[in-house]
Each structure stands twice: as structure tokens, then as C-alpha cells.
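Have a look at the structure below, then the notes.
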Amino acid sequence: MDQNLFLLTAHRQFNRLLSDLALSSEISPFLNEVIKTVEQFLPGCKVSILTLNREHNTLHSGAKNNLPDFYNDAIEGVKIGENVGSCGAAAFLNKPVIIENINSHINWQPYLALTQQANLHACWSIPFTDSYKDVMGTFAIYHHEEKAPTEAEIEIVKVAALITSVAMEKVKLEEQLIFSATHDELTRIHNRAYLNEAGENFLSLCARNEMSCSVLFIDLNKFKRVNDELGHKAGDELLVQVASVIKEQTRASDITARFGGDEFIILMENNAANEGEKVAKRIHHAILEAVSSSITSLGFGVSIGIALMSSHEQLSLKKLIHVADEAMYFAKENNLGVYVSV
């Protein structure tokens, strides 16, 4: 096939895939089609898509491929570096690494036993990046023989890497939108909107299964004074610290949320009659232990009110929060720290 016609056909196929991506909510089928398309246009090759964990600088499988399982298992979590194979180097350097002969290249010497077993002798790797040019992963082509790419083959790999980056960034943006809709931007715990929806569902579940539960209303005493005397940055850091303590002291099944300002809500199932109170006292102690003396010296404290719903009743979330709020004010006015509404 004429090279220009070859590239035109490939571009048309990739454009169809991009059209499908716009309507798709799942990335796996899309990436499977990208791999299938590249392997169709480059017969005999094996495609690998790896994603970069930026926190640990390691590469991980981004899509199911046709390489041997033992090979995929061996390279899973490999740390990137200037001389780490083709993909590790491409991700580290943020530029294509085209290795025509794996057997003689310095980057592959530590992995020759593995590549020989998998019968892999060439690897062309191109990093794919987000809109800020930060590496998100690598798109690689393996061959069973030593092979240098033609201009047309490199063009196909570059286009495939580009549309992979579009797909990955789409997923990333969608995840960020979902997170932002359900989480507080500062503290990264759930927000009031999530609490309202998930809380009502949680209470309905408790009522159906005859489970008792508690609502803890947490308020920070003298928080305004912290802002006024130490600055809003210190106030924000305090809120983040308190949220972190709350997360550490609660279970994954509990619903924790920033209710607004310096107020937090915890909605939890009770495994024992006084469990809500025990958790509240633990949180109260942990917060005061965590904050610095410069903050506690301003009179900073924590007041927690608790509302209970027995296993034989169903109350609205609004009602329970109101009761817990009143209990919190009673705790604050009487310097009790924790108070359970009766």
C-alpha cells in the first residue's frame, strides 16, 4: 500500500475511535480498540500501554495487551529512570525512546533474560502527556525481531500515543469533576451535598435493617480567633488537620463531611449503645493532641454533640443534625467537650 494512503487509512480509523471516545463513559474498551488498530496496521507488533504513578515514579499496566503474562507481571511497577528499558526511559526523559535492538542496548541489559524468554527484540516507546505536558504514561510497540521504524510507523505510534493521552485525560477530568461535586476542596473529605444525599440513603438502610446509628456534630471553638490572630492560612491548615484526624478516627463505612465553615458531621452505624459517644471522645482527644500549642493557647477547643436514632425508628437527616447541633451547643456552653442528646 502507498505510504500516504496507508497513513490516511490509519488516521481515518483513529478519528473514528476518537468519535467513539466522545460518547463513551468507559476507557477500557477504547484502549482495547487502539491496541487492536495499531497491531492491525503494524502486523506482528505487540502494543503496551503503561500509566505513570507520579507519586512513586512507577509504571503500571494501563490496558490489557497481547504480551505474555509473565512479562507483564515482571515489569508491573517498574521504577522509571534514564536507562530503564524503553518505557522507563521514555517516561523519565519525556521523549521517545526508540530501541531497534534490545539485545545490544545498555538500557535492556538487566532484562535480557526476560526479553529473551518473551522473544522480544525491539521496543519503540513514546510518552503520552496531559495538557500541561506532564507524563501520564507510555505507548510502546514491541517486535519479535530487531527492527527500525519507518517514518509511517513512527507516525502511527505518535498518533496512537496522542489519542491515548486524550482518553486518559478525559478520564482524569471526569474523575476530578466527580470528586469536586462530592468533596470539600480544602479538606478533601465529603461535602454537604454528598452528606445530604448519602446520609438519607444511609438512614433508610439503617431503618430497614433495624440498625441504630449516631450523628456527631463537631464544632471548633475559637476558630475565628485562630484566623484573626494567626491568619487565614493557619486557619485553613487547622481545618485540614482536623479533617485528617476525623478520617483517621472513623471507619470507611462512616460518612464524614465538612458541613460548613468549622463544622463537621459524622454519620455512623452503632455496633454498641454508646459507640457514638466513645468515638466522639476519641476524636475530641485526638484533635486536641494533634494541634499545636500556639493554637490551643488561643482558647481553641472542640465541642461535639451527638444525636441517636434507635433501631426501631426512622428520623430524617435534617432532624438528626438539628438534635446533634443543639447537643453541640450544650456541650460548648457548659464546657463539656462531648454531649449526647437524651
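Numbers below:
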read-out	value
Cα convex hull of region 185-342 - mean projected area over all directions, nm²	8.5
Part-to-part distance (alpha-carbon centres) for region 116-161 and region 182-245, which is given in Å	46
The chain, accessible surface, carbon-and-sulfur percent (1.4 angstrom probe)	51
Point-to-point label distance, LYS79-GLU174, nm (Cα→Cβ direction, 7 Å offset)	3.4
Mean separation of Cα contacts under 8 Å, 6 or more apart, over the residue count of the chain: relative contact order %	13
Nearest-ten-degree value, helix 3-23 long axis tilted from longest Cα axis of the chain	20
Accessible area (Å², per residue) of the chain, counting only protein heavy atoms and a probe of 1.4 Å	51
For region 244-304, alpha-carbon Rg relative to the globular expectation (2.2 N^0.38 Å, N residues)	1.18
Debye equation applied to the C-alpha atoms of region 29-169, log10 I(q)/I(0) at 0.09, 0.12, 0.17 Å⁻¹	-0.22, -0.40, -0.86
Highest-MSF residue in the chain out of SER48, SER297, SER125 [GNM, Cα springs under 10 Å]	SER297
Cα principal axis extents for region 126-203, largest first, Å	63, 25, 16
Dimensionless Rg ratio for the chain, taking C-alpha atoms and the 2.2 N^0.38 Å reference	1.38
With all protein chains modelled, accessible area of TYR329 [1.4 Å, Å²]	110
Alpha carbon Rg of region 254-342, scaled by the compact-globule rule 2.2 N^0.38 Å	1.12
Separation of the TYR329 and ASN94 label points, Cα + 7 Å toward Cβ, nm	5.4
R0 of 22 Å, Cβ-Cβ distance ARG208-SER253: FRET efficiency to nearest 0.05	0.85
DSSP loop trypsin sites (Lys or Arg not before Pro) with at most 14 other Cβ within 10 Å excluded, longest remaining stretch of the chain	252-342
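The values are calculated or read from the model by the stated rules, or taken from the named source; none is laboratory data. Computed from a prediction, not measured in an experiment: that's the story for all the values here. All Cβ positions, glycine included, derive from the backbone under ideal geometry; neighbour counts span all protein chains shown. The protein model used for the area step is the full one, side chains on, heavy atoms only, and it has no ligands, DNA or RNA in it. Shrake-Rupley method; radii C 1.70, N 1.55, O 1.52, S 1.80 Å.
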